[in-house]
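The values are calculated or read from the model by the stated rules, or taken from the named source; none is laboratory data. Since the structure is predicted, the reported quantities are computational estimates derived from the model, not experimental observations. Because the Cβ atoms are built from the backbone with ideal geometry, glycine has one as well, and the counts that use them run over all protein chains shown. Note: areas computed on protein heavy atoms with side chains; ligands, DNA, RNA excluded. Shrake-Rupley method; radii C 1.70, N 1.55, O 1.52, S 1.80 Å.
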Amino acid sequence: MAVLELPDLRLSYQRAGSGLPLVLLHGWPEWSGIWRHNLPALAENFDVVAPDLRNFGASVGAPARDVDHYVADLAALVDDLGFERFGLVSHDVGAFLAQDYARANPHRLAGLFFFDCPHFGIGPRWVANGQLREIWYQSFQQLPLAADLVGLSRDSCRLYFRHFLQHWASNPHRFDDVLEEWVDTFMQPGRIAGGFRWYAAANERRLKAMAGDQPAAARIDVPAYSLWGQDDPILRVDWQPTLTEVFSDIALHQAPDAGHFVAWETPALANRAITTFFAGRR
């Protein structure tokens, strides 16, 4: 792991390969290790950088103040690496950061690739048709006692994260052989709270979106590609067409036999799609 020392953060990242830079932004409950089936294959054609977001994985620093704080970390990383032009590959939490960065810096981006892409244009769909029962954790994780409860023991941590890895994957056993690694990672001091912090940082925008009060924004013009797991219960595949309201130029494709973790569940498909999308882009 390489490290970028920022005033309030020791930002860790993996890097491999050469060519057009690609920055891979993970989601929750993840860290840069979620890309282990992708980074070696992508490094054959690209300069691949996979950071741990603030207080995820090996990145340690002050708690995030707001969403802009996470985006500033991304900006500091690509500037330090000297990336004038690069691509973003993102998922879940990382997809929100990619969208915010793209709105502010479209000239820096060769393209945007999204797995199961949340966006605030989903709006009231977050709570319609029984979906509220799926997003309970987004409120729970903002409670002061949440991190203490989940981190009370390895057993409690395992029980909590196993729920999401099993329920959100198409095959509930897809993470069985690495579950203890998830427990090891999130049981490090501050990591459970660090991951939970995202939901507090984004909560104001989240509530406005659910109420249909999120201000309309101009569509993002950076060329984009969406690969969405057909069996994702938290980010429903029938929401994928709403991305055309966010991006002016986006290709929509689906991943069969994949749930929320497409890059992990179907890595060959994911690697092929990323490589094809970014091939020849500068």
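Below, the figures for the structure above:
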item: Helices (runs of 4 or more DSSP H) lying entirely in region 88-190 (those with 3 or more residues that are under 21 Å from Gly57 (Cα atoms)); result: 93-104, 146-150, 154-168, 179-186
item: Failed item, numbered, when Phe196 is tested on (1) buried (at least 19 other Cβ atoms within 10 Å of the Cβ); (2) assigned to a loop (DSSP other than H, G, I, E, B); result: (2)
item: Count - residues of region 58-72 that are of a type outside the set (A, V, I, L, M), in contact with a strand residue (DSSP E or B) (Cβ under 7 Å, 6 or more places away or on another chain) and open to solvent by 10 Å² or more (accessible area, probe 1.4 Å); result: 1
item: Residue list for region 85-100, restricted to those being out of contact with any strand residue (DSSP E or B) (no Cβ under 7 Å at 6 or more places or on another chain), within 22 Å of Leu42 (Cα to Cα) and of a type outside the set (Val, Ile, Thr); result: Asp92
item: Residues that are within 22 Å of the chain's Cα centre (by Cα) and of a type outside the set (A, V, I, L, M, F, W, C), drawn from region 123-150; result: Gly123, Pro124, Arg125, Gln131, Arg133, Glu134, Tyr137, Gln138, Ser139, Gln141, Gln142
item: Filter pass, Phe140 being open to solvent by less than 40 Å² (accessible area, probe 1.4 Å), of a type in the set (Phe, Trp, Tyr) and at negative phi; result: no
item: Of all residues making up region 16-51, the number that are surrounded by fewer than 17 Cβ atoms within 10 Å (Cβ to Cβ) and under 26 Å from His260 (Cβ atoms); result: 4
